[in-house]
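Please treat every number below as a calculation from the coordinates, not as lab data. Keep in mind it's a predicted model, so treat the numbers as computed, not measured. Methodologically, a virtual Cβ is constructed for each residue, glycine included, from the backbone with ideal geometry; neighbour enumeration extends over all protein chains shown.
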Amino acid sequence: MSMTQKEKVTLGVIGVSIIGIAIIITIGVLRNTSNENDNSDSDTAITDNTQEEEENKPSTTDDSSEDIQVIMFHNGTGPMCIDAIEFFENENISYEEHLTTDDDFVELLEEYKLNHEGDSEGVSPSFGYYPMIFIGDKAFSGFNDEIGNEIEEILDK
């Protein structure tokens, strides 16, 4: 059975369309990856990167201030998140970790935000950046040296 000229043209158009869609998807993935890598000194606004993040691996270290619980919500990939993790490890501060890939991440985060009346200190007063760190009655959005110093004061380190 041979194909007519019209059938050949139709199959060609379909093939080109599929290739075009694949190129568009590839460009989108590359742009997303490029945007994540371009944020070296400041975290990006919160985005949903659930498919690109690793499994939840709670990280804790010894803590001399066991009375005050430190809870950190983060994406595990942004520069401020990585800085916060390194800070806690270097200062030997134990913390409870929640990654954006956790099933209950959104619900838990919303609960903590409501308990802090929707206000945070730090880089963003409206919980606009990860990590989001909750210590006692304080909430911090984002991370930098100033926030690290305040956390040390809270924990009397």
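Compute and list, largest first, the equivalent-ellipsoid semi-axes of segment 70-154 from the alpha carbon gyration tensor, each √(5λ) rounded to a whole angstrom.
After diagonalising the Cα gyration tensor, the semi-axes are 18, 15, 12 Å.
Sorted by average packing, counted as other Cβ atoms within 10 angstrom per residue and highest first, what order do 112-121, 85-94 take?
The packing order, highest mean first, is 85-94, 112-121.
Output the antiparallel fraction of DSSP beta bridges having both residues in segment 70-154, as a percent to the nearest 5.
Beta bridges within segment 70-154, antiparallel portion: roughly 55 percent.
Can you compute the modelled spin-label distance between GLU89 and TYR112, with each label point 7 Å from Cα toward Cβ, in nm?
1.9 nm
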